[in-house]
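Right, one structure below, let's go through it.
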Ligand code: 13P
């Protein structure tokens with residue numbers, strides 16, 4: 001995979017006006033012709049901005065993603081958003097199982113798996129987040145945790161077409177302490193082994209991306225690792241200028 005997949009995760013940031021300013025700055029700093037054949041961009045934005053950002057990106061390269069969804073199409077689930085609702089806004093990608101959702105909103109391996117299954121069935125591309133917490137790494141349990149999280153998802157799905165997996169060690173998220181490129185490479189290799197074992201035909205094509213304190217200072221080295229196909233970027237994606245600088249450091 002030569003083209004790197006860069007996913008900006010805005011989390012709970014931005015409003016319509018600030019999103020418009022963001023893209024004005026981003027595209028001014030980085031005309032699409034510069035990056036179109038080197039990177040693929042996805043912006044995972046709050047639900048309230050999906051329509052605005054889809055419209056802004058319409059004639060540009062770059063796709064919009066939601067940050068969560070329900071696995072059912074409709075029903076009495078106050079506060080939830082379904083796949084048909086996202087599709088209605090032109091959204092075709094969704095981040096699932098982010099550690100913040102697992103940590104603060106009780107997302108389990110099982111609920112994440114149901115969501116991934118529903119997303120794939122609806123023709124969406126789910127960006128599935130997995131990763132160990134610090135105590136698990138220190139206890140030497142990283143491989144076990146990764147294998148367990150993947151097993152839960154793989155128990156529910158029979159295709160990996162459109163699947164994207166993000167390795168986000170929880171201890172690296174928002175801490176300024178990114179995994180070293182060796183640590184990231186090692187876990188990505190493990191994930192690739194597990195994915196290709198489950199899907200021998202096309203598991204090698206599933207993009208595996210790294211997230212956790214990625215910045216314009218460390219992205220180039222991380223992306224040089226053969227097993228890393230892209231990045232999921234939180235804090236460093238929040239300003240249009242800053243994210244343009246990050247993309248630019250890969251070109
Ligand atoms: P940071 O880049 O802010 O560490 O966040 C990573 C992340 O959670 C992306 O999904």
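General observations
- Potential lengthening between residue 38 and residue 103 on full extension [0.36 nm per residue; Cα-Cα distance subtracted]: 20.0 nm
- Selected from 40, 205, 144 as most flexible by GNM, with the chain as the system and alpha-carbon contacts under 10 Å: 144
- Subtracting the Cα-Cα distance of residue 55 and residue 151 from their residue separation scaled by 0.36 nm leaves 30.9 nm.
- Comparing 28, 113, 166 in a Gaussian network model of the chain (Cα springs below 10 Å), the most mobile by mean-square fluctuation is 28.
- When the P(r) is computed for the chain, the part past 34 Å accounts for 11% of the Cα-Cα pairs.
- Cα centroid of the stretch 115-168 to Cα centroid of the stretch 5-46, whole Å: 25 Å
- With neighbour counts taken as other beta-carbon atoms within 10 Å, the residues 129, 160 rank, fewest first, as 160, 129.
- Burial ordering of 17, 173, fewest other beta-carbon atoms within 10 Å first: 17, 173
- Within the listed set 18, 82, 237, the residue fluctuating most in the Gaussian network model of the chain (springs between alpha-carbon atoms under 10 angstrom) is 18.
- When the helices of the chain are scored as -39500 (n - 2.57) per DSSP H run of n ≥ 4 and the total is divided over every residue, the value at 222 nm lands at -11500 deg cm²/dmol.
- Here the convex hull built on the C-alpha positions of the stretch 102-224 has a volume of 111 cubic angstrom per residue.
Every read-out reported here was derived from the displayed coordinates using simple, explicitly stated rules and does not represent laboratory data. The structure displayed is predicted, hence computed values, not measured ones. Positions of Cβ are generated from backbone atoms using ideal geometry, with glycine treated the same way; all protein chains shown enter the neighbour counts.
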